[in-house]
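Here is the structure we will look at.
The values are calculated or read from the model by the stated rules, or taken from the named source; none is laboratory data. The structure presented is a predicted model; accordingly, all values stated were derived computationally and were not measured. Ideal geometry is used to build each Cβ from the backbone, glycine not excepted, and the neighbour counts take in all protein chains shown. All accessible areas refer to the heavy atoms of the entire protein, side chains included, with ligands and DNA or RNA removed. Shrake-Rupley method; radii C 1.70, N 1.55, O 1.52, S 1.80 Å.
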2 protein chains.
Amino acid sequence: MRWPTLFSPFRVGSLELPNRIVLPAMVTRLSGEDGVVNGDILDRYVRFAQGEPGLIVVEAMAVHTAKSGPLLRICGDEFKPGLTELAARVHAAGPGKVVPQIIHFLKIARSGWRQTVADLGLEEIRGIVTAYGEAAVRARECGYDGVELHMAHAYTLSSFLSARNGRKDAYGGSLANRMRLPSEVIEEVRRKVGRDFPVGVRFDGEECIKGGYSVPDAGPIAVRMAQLGVDYISLSAGGKFEDAIHRPGAPLYPYTGYSGDRCMPGADYPDGLNVYIAAGVRAHLAAAGLENPVVATGKISNPAFAESILVEGKADLIGMARPLLADPDWPKKVREGREDAVIRCVYGNICKMLDENFRKVTCTLWPAGSIQAPSSTDREPPRWDGAAPLTGAYRDGRVYLKWPAAQDNEAVQGYAVYRASPGQPERHIGSNKALGFTDPDVAPGTPYTYRVQAYDLGGNRSGFTPSVTVQIP
Amino acid sequence: MRWPTLFSPFRVGSLELPNRIVLPAMVTRLSGEDGVVNGDILDRYVRFAQGEPGLIVVEAMAVHTAKSGPLLRICGDEFKPGLTELAARVHAAGPGKVVPQIIHFLKIARSGWRQTVADLGLEEIRGIVTAYGEAAVRARECGYDGVELHMAHAYTLSSFLSARNGRKDAYGGSLANRMRLPSEVIEEVRRKVGRDFPVGVRFDGEECIKGGYSVPDAGPIAVRMAQLGVDYISLSAGGKFEDAIHRPGAPLYPYTGYSGDRCMPGADYPDGLNVYIAAGVRAHLAAAGLENPVVATGKISNPAFAESILVEGKADLIGMARPLLADPDWPKKVREGREDAVIRCVYGNICKMLDENFRKVTCTLWPAGSIQAPSSTDREPPRWDGAAPLTGAYRDGRVYLKWPAAQDNEAVQGYAVYRASPGQPERHIGSNKALGFTDPDVAPGTPYTYRVQAYDLGGNRSGFTPSVTVQIP
């Protein structure tokens, strides 16, 4: 086993996870506005389960009845049959555990108007507490292994935790007051579900907005949550309304500003850019004598990197959302030593664009038209018949690559492009379904050497094309 | 010597620095709009030099004649007498080396309008290259030890490097094109000053704005700069116009958004939050076989932390701006083992507010009315005559502390407040000149233990008050 820590079982409260890989909640837009579990939702999570992550967090479902776009619901008993089937199907499909993420959100309008925490009366606040408690009970009744309370991003509980919570009463202003409602929710949930039902929280370790909080506040917040009996703490960053860019006629989408970039960092950001948040919060917990496990997320898709985060004590669990969307079989393939067959997320954030537009969230690397990741047990790689010339040319600051189609016994799914330059190790810079690729990130005076592999539905990779070197003027 | 690396001499190009501590360029607003070195400017840099940092970077001075607020100028020979005196006085006052930072900026208006890189004609671009070259020659002629090219934040060369540089010609769009003008400036400067005159660059390792670049671009940018003969690379972050908040009637100030927070992180951010940038860029350089030294900045004020950054190979030099403003004697005191006598920056960013309003930049910790840091060779600490009761009370989410005045043979300069909580080590949470302090960052259910020290003009500290514990409900 090359990554013994990543694939070691791990205990979270009363739960034994088969490994340290967590699928964080990721909206699918596969449900209707009725919020009921449907066949597409079942297929999506069964597919995730087949890949064998340790913990699957089902996308956020509303604890209340407020209108929204396509979003699952857990705000009434009428949703229980679907949710029960989802839990059962996930359990049957793999060894991983499954918890729903439960969410409360405030109102937004297409005009750009949004309700803020300052607008809520004490009765409404009490209602939020009650709704979370009742939803958590439903999660337990539906057969889930626990429940995750959504306190991150632009949503209600995160907005209470925010350093920009401007309420003038006991629910705002100071850190203690900002933590009051989230604490009441945790206490209510714990009271309703009992001591042994795992309860996790996901919250922002840094808001990534002007005047927002960072690790110096997130540490004490996590310590308090742990003292209140939270079984795990999953750290996110950003995703706030405060810096969102309003598109006229569209509801405000909280992932359009820099805080959105930090929440779902694209190809232009370094790997693991938010790991310092998990590490900082975990250090606060450790200093307070607390060992509640911490989940790190944010561009962690390389198994060696994931292993190092665990070994260095920066986190206890590794969350990977987009990499598991691109290839749900990541955990299984890596555990079996078939890391080369992983279809690798290129962080192009087409999935994010689909979410923003209320369209079904898919991966651009999947075969055209698919709404689920492909499955294949085939082990025969694609090949190029005869020569496979790769050509590259520099023009106007960019390198343009072209190659011929490869062949496969099932179907070629795409082409992965690799690049090396003097002193820089070869790395995967992108993938494409088309027979070409444009590299916009080249520096003057540098020679870049490219080569390409084709891969099929199972992620089996062909041999490399001959390499081509392009000298940038 | 407790911090042997931090205080080891270090070679930068042809220059031998006495230690690894750099004062990064920090605007003082002490000059008039004429841009001429005056007595206040001389006093400010002499005071810095007396504290013995390894390298002093004099605040940005304009290479061109465009109008601005109070700002030094190096755009004509008429500025050379003042600049020559400044270099000579700094050299006479301490062992450190001194270089000016030279800047080109685009036009901004009180209406919020700003000129962008897309507005510049090729003639104007050529003029920028020429102006930098001529200014660098003046820096050498005035007796400086080198020159630093400002390519960071919201200014012209940074805006060309930016991933949001939207020029459609050879100076924008792709990474290679974005680097074209900065590269031309480096080549021109090097051509004009000769091979042995040290030339440094300061640029953003991450823009910290939506759609901005981060380390994956900053690495190749630094490699290219190093190949062009830059002697050191100083990394900053953010400070951009794109997310600045416009105050009606005031010119846009590029440190008012989140990118401004990241450039000059306040008390709410963790220490060393931008170190990953320097470390990432340095790794890119190392992979390309380049050893050009890298300066890390951003809330590094603890000597043990600074030493660890060097020892772990994350940077070669440590920049500290606000800590040296608060106490220019930081390097000298720490080297002499008198770390306890350092007057510690509380990252309250009053200095930043003064800069924003074109007011003389001072430190709120200095005695009231001072425009320079105090100097004192006194070693007698303040004391409290008789009992020094510290009282603390919780109210509305905050802890309110009060204490009586201390006495000193010279003058009490302020009071440092320390806090501990279960499992959390005692730490300095703030300083105040008044006889009280409000702590807004307390968590429910936690007991906090406070104590206070008085300090005098030399930073000598009294004994602690008796401690007081406040239990948060």
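Name the pairs whose Cβ atoms lie under 7 Å apart, with the first residue in segment A:450-473 and more than 17 Å from A:V399 (Cα to Cα), the second open to solvent by 50 Å² or more (accessible area, probe 1.4 Å) and of a type in the set (A, V, I, L, M, F, W, C), and 6 or more positions between them or separate chains?
These pairs meet every condition: A:Q453/A:F464.
Could you run through segment B:424-436 and say how many residues are within 14 Å of chain A (Cβ to nearest Cβ) and either over 30 Å from A:A286 (Cβ atoms) or open to solvent by less than 70 Å² (accessible area, probe 1.4 Å) (or both)? Full working, then the answer.
The first filter runs over segment B:424-436 and keeps only residues within 14 Å of chain A (Cβ to nearest Cβ), leaving B:424-430.
If we keep only those that are either over 30 Å from A:A286 (Cβ atoms) or open to solvent by less than 70 Å² (accessible area, probe 1.4 Å) (or both) too, we end up with B:424, B:428-430.
Count: 4.
Tally up the residues in segment A:386-410 that are small (G, A, S) and surrounded by fewer than 18 Cβ atoms within 10 Å (Cβ to Cβ), please.
Step one: of segment A:386-410, the residues small (G, A, S) are A:386-388, A:392-393, A:397, A:405-406.
Add one more test, that the residue is surrounded by fewer than 18 Cβ atoms within 10 Å (Cβ to Cβ), and what stays is A:386-387, A:393, A:405.
Result for segment A:386-410: 4.
Given the conditions (1) within 14 Å of chain B (Cβ to nearest Cβ); (2) surrounded by 14 or more Cβ atoms within 10 Å (Cβ to Cβ); (3) within 29 Å of the chain's Cα centre (by Cα), and given that A:S421 satisfies all but one, which numbered condition is not satisfied?
Going through (1) within 14 Å of chain B (Cβ to nearest Cβ); (2) surrounded by 14 or more Cβ atoms within 10 Å (Cβ to Cβ); (3) within 29 Å of the chain's Cα centre (by Cα) one by one, A:S421 breaks only (3).
Got at least one residue in segment A:196-208 being open to solvent by 10 Å² or more (accessible area, probe 1.4 Å), among the basic types (K, R) and more than 23 Å from the chain's Cα centre (by Cα)?
The answer is no, given that none of the residues of segment A:196-208 is open to solvent by 10 Å² or more (accessible area, probe 1.4 Å), among the basic types (K, R) and more than 23 Å from the chain's Cα centre (by Cα).
Which numbered condition in (1) more than 23 Å from B:G200 (Cα to Cα); (2) open to solvent by 40 Å² or more (accessible area, probe 1.4 Å); (3) out of contact with any helix residue (DSSP H, G or I) (no Cβ under 7 Å at 6 or more places or on another chain); (4) facing chain A (nearest Cβ under 9 Å) is the only one that B:D268 fails?
Condition (3) is where B:D268 drops out.
Yes or no, residue by residue, for (1) open to solvent by 10 Å² or more (accessible area, probe 1.4 Å); (2) assigned to a loop (DSSP other than H, G, I, E, B):
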| site | (1), (2) |
| --- | --- |
| B:L310 | yes, no |
| B:L324 | no, no |
| B:K332 | yes, no |
| B:Y347 | yes, yes |
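Could you list, in sequence order, all residues of segment B:31-62 that are assigned to a loop (DSSP other than H, G, I, E, B) and in contact with a Ser or Thr (Cβ under 9 Å, 6 or more places away or on another chain)?
To start, the set of residues in segment B:31-62 that are assigned to a loop (DSSP other than H, G, I, E, B) comprises B:31-38, B:51-54.
B:E33, B:G35, B:V37, B:N38, listed by residue number.
Could you list all residues from segment B:153-167 that are open to solvent by less than 20 Å² (accessible area, probe 1.4 Å), in contact with a Gly (Cβ under 7 Å, 6 or more places away or on another chain) and either away from every other protein chain (no Cβ under 14 Å) or among the aliphatic types (A, V, I, L, M) (or both)?
In the first step, residues of segment B:153-167 are kept if they are open to solvent by less than 20 Å² (accessible area, probe 1.4 Å); the result is B:153-154, B:156-158, B:160-162, B:165.
Then keep just the ones that are in contact with a Gly (Cβ under 7 Å, 6 or more places away or on another chain); that gives B:153-154, B:162, B:165.
Residues satisfying the conditions are B:H153, B:A154.
Among the residues of segment A:284-308, how many are part of a loop (DSSP other than H, G, I, E, B), polar (S, T, N, Q) and more than 17 Å from the chain's Cα centre (by Cα)? Steps first, answer last, please.
Narrowing segment A:284-308 to residues part of a loop (DSSP other than H, G, I, E, B): A:288-293, A:297-302.
Checking the rest, the ones that are also polar (S, T, N, Q) come to A:292, A:297, A:301-302.
Adding the requirement that they be more than 17 Å from the chain's Cα centre (by Cα) leaves A:292.
So the count comes out to 1.
Taking the options B:V230, B:V223, B:V185, name whichever one is in the same structural domain as B:A154 (by TED's automatic domain parsing), part of a helix (DSSP H, G or I) and touching a residue at least 60 places away in the same chain (Cβ under 8 Å). If you could, list the steps in order and put the result at the bottom.
Numbers: B:V230 fails: part of a helix (DSSP H, G or I); B:V185 fails: touching a residue at least 60 places away in the same chain (Cβ under 8 Å).
Every option except B:V223 fails the conditions.
Kindly evaluate B:G260 against the criterion of being farther than 30 Å from A:P447 by Cα and either in a strand (DSSP E or B) or modelled with pLDDT of 95 or more (or both).
Values: farther than 30 Å from A:P447 by Cα: yes; either in a strand (DSSP E or B) or modelled with pLDDT of 95 or more (or both): yes.
Yes: the conditions hold for B:G260.
Looking for something under 22 Å from A:D40 (Cα atoms) and either open to solvent by 10 Å² or more (accessible area, probe 1.4 Å) or not in a helix (DSSP H, G or I) (or both) - is there at least one such residue anywhere in segment A:111-130? Spell out how you get there, then give the answer.
Step one: of segment A:111-130, the residues under 22 Å from A:D40 (Cα atoms) are none.
No: segment A:111-130 contains no residue that is under 22 Å from A:D40 (Cα atoms) and either open to solvent by 10 Å² or more (accessible area, probe 1.4 Å) or not in a helix (DSSP H, G or I) (or both).
For segment A:216-254, how many residues are in contact with a Pro (Cβ under 7 Å, 6 or more places away or on another chain), open to solvent by 20 Å² or more (accessible area, probe 1.4 Å) and at positive phi?
0
Kindly indicate whether A:R383 is within 30 Å of B:A226 (Cβ to Cβ) and open to solvent by 50 Å² or more (accessible area, probe 1.4 Å). Break it down stepwise before answering.
Working: within 30 Å of B:A226 (Cβ to Cβ): no; open to solvent by 50 Å² or more (accessible area, probe 1.4 Å): yes.
No.
Could you go through segment B:453-461 and let me know if any residue there is assigned to a loop (DSSP other than H, G, I, E, B), under 20 Å from B:E339 (Cβ atoms) and open to solvent by 10 Å² or more (accessible area, probe 1.4 Å). If you could, list the steps in order and put the result at the bottom.
Going through segment B:453-461, the residues assigned to a loop (DSSP other than H, G, I, E, B) turn out to be B:457-460.
If we keep only those that are under 20 Å from B:E339 (Cβ atoms) as well, we get B:457-460.
Okay, now just the ones that are also open to solvent by 10 Å² or more (accessible area, probe 1.4 Å), so B:457, B:460.
Scanning segment B:453-461, I find at least one residue that is assigned to a loop (DSSP other than H, G, I, E, B), under 20 Å from B:E339 (Cβ atoms) and open to solvent by 10 Å² or more (accessible area, probe 1.4 Å), so the answer is yes.
Quick one: how many residues across segment B:212-262 are of a type in the set (G, A, S), within 12 Å of chain A (Cβ to nearest Cβ) and over 25 Å from B:F358 (Cα atoms)?
Residues flagged as of a type in the set (G, A, S), within 12 Å of chain A (Cβ to nearest Cβ) and over 25 Å from B:F358 (Cα atoms) within segment B:212-262 amount to 6.
May I ask you to say which residue of B:R73, B:R11, B:R29 is touching an Asp or Glu at 6+ places or on another chain (Cβ under 7 Å) and open to solvent by 10 Å² or more (accessible area, probe 1.4 Å)?
Working: B:R73 fails: touching an Asp or Glu at 6+ places or on another chain (Cβ under 7 Å); B:R11 fails: touching an Asp or Glu at 6+ places or on another chain (Cβ under 7 Å).
Result of the check over B:R73, B:R11, B:R29: B:R29.
Go through segment A:361-380 and give me each residue that's among the basic types (K, R) and surrounded by 15 or more Cβ atoms within 10 Å (Cβ to Cβ).
Start the filter on segment A:361-380 by keeping residues that are among the basic types (K, R), which leaves A:379.
None - no residue of segment A:361-380 is among the basic types (K, R) and surrounded by 15 or more Cβ atoms within 10 Å (Cβ to Cβ), so the list stays empty.
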